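Everything on this sheet refers to the single structure shown next.
The values are calculated or read from the model by the stated rules, or taken from the named source; none is laboratory data. All values derive from a computational prediction rather than experimental measurement. Methodologically, a virtual Cβ is constructed for each residue, glycine included, from the backbone with ideal geometry; neighbour enumeration extends over all protein chains shown.
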Amino acid sequence: MPSGRLWLTSGAILAGLAVALGAFGAHGLEPVLKSVYAESDKRIIAGLEVPATWKYLQDFKTAAEYQLTHALALLAVGLLARDHSRRSLTVAGWSFIGGIVLFSGSLYVLVITGVPRPARIKVVDL
């Protein structure tokens, strides 16, 4: 079973990365968004039409916030697992990492590439 040290290290690295990505979102993402989305691109959010760049900036911010929250939870798992490693802590730790990868990761990819969902692999019968 993974030790508390793994969760503490993972949580610290992922929290630092979340802060760095949040700073990038606040200070460097706008030119990237303008190159991916045309100024005329609009999205409907809660019945309001907003520029796509604004909508995707909010998505990026959400991804960074959730990543940071999950990373802090990983630090808590690491602290709890220092003395007694339990299966429940291992499941929690991997779940938090999975949440970061699947939720935050998919939002980062969506925002940067403009691709709304991962590419699907099509099986071809020969």
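Observations, loosely collected:
- Qualifying residue in the stretch 69-85 (condition: closer than 20 Å to Leu110 by Cβ, modelled with pLDDT of 95 or more and in contact with a Gly (Cβ under 7 Å, 6 or more places away or on another chain)): yes
- Residue that is under 21 Å from the mean Cα position of the chain (by Cα), surrounded by fewer than 16 Cβ atoms within 10 Å (Cβ to Cβ), over 24 Å from Ile112 (Cβ atoms) and not aliphatic (A, V, I, L, M), where the choices are Thr62, Thr9, Thr90: Thr9
- Residues within the stretch 24-56 that are closer than 21 Å to Phe103 by Cβ and in contact (Cβ under 8 Å) with a residue 40 or more places away in the chain, tallied: 5
- Given (1) under 18 Å from Thr113 (Cα atoms); (2) touching a strand residue (DSSP E or B) at 6+ places or on another chain (Cβ under 8 Å), index of the condition Glu49 fails: (1)
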